[in-house]
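The structure under discussion appears below in the form of structure tokens.
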Amino acid sequence: MSVYLAAADQLLETVVPGARGTWPRACAWLLRLELESVLDRYWARVRPEIGQVQAQRPKLLMLAAYAGDEPARRAGYLWWALSRAGHHHRYELGLTVSELLRLRAELAAVTEGLRATVTRTGV
């Protein structure tokens, strides 16, 4: 388990002193960092030159051509949802534990889907 995922799980499972009110956004950012790490590992195996790009958007846009439409759609949505959840929006409530757990489960599914794609293609 990565350090990002372990920290996100800690925020989801326990009360962290000093994190009152900020933990949902912190958790969303940690999950997004994990997604970005998963994408970096995927690209390092499939097309290292794409993995060298610093911005995440091009990596997400290229994903459909290499991993297929479904994994690309799911990864793109997840990246968008976590990015949105990580920013403060006036007059909007932060994500709940159940919403963050659903996004974490989606992250696990995307990770497994990309892993299976690499295994299936033999890269």
If I go through segment 73-92 residue by residue, how many of them are at pLDDT 85 or above and either within 10 Å of the chain's Cα centre (by Cα) or surrounded by fewer than 20 Cβ atoms within 10 Å (Cβ to Cβ) (or both)? 12
Of all residues in segment 36-52, how many are in a loop (DSSP other than H, G, I, E, B) and surrounded by 13 or more Cβ atoms within 10 Å (Cβ to Cβ)? 1
Give segment 22-57 a look and list any residue that's in contact (Cβ under 8 Å) with a residue 60 or more places away in the chain and not basic (Lys, Arg), or say none. 24, 27, 28, 31, 34, 35, 38, 39, 42, 46
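Run down 103, 95 and say which single residue is of a type in the set (A, V, I, L, M, F, W, C), modelled with pLDDT under 90 and surrounded by 13 or more Cβ atoms within 10 Å (Cβ to Cβ).
On the way: 103 fails: modelled with pLDDT under 90.
Result of the check over 103, 95: 95.
The values are calculated or read from the model by the stated rules, or taken from the named source; none is laboratory data. None of the values given here were measured: they were computed from a predicted structure. Quick reminder, even Gly has a Cβ in these numbers, built from the backbone with ideal geometry, and neighbours come from all protein chains shown.
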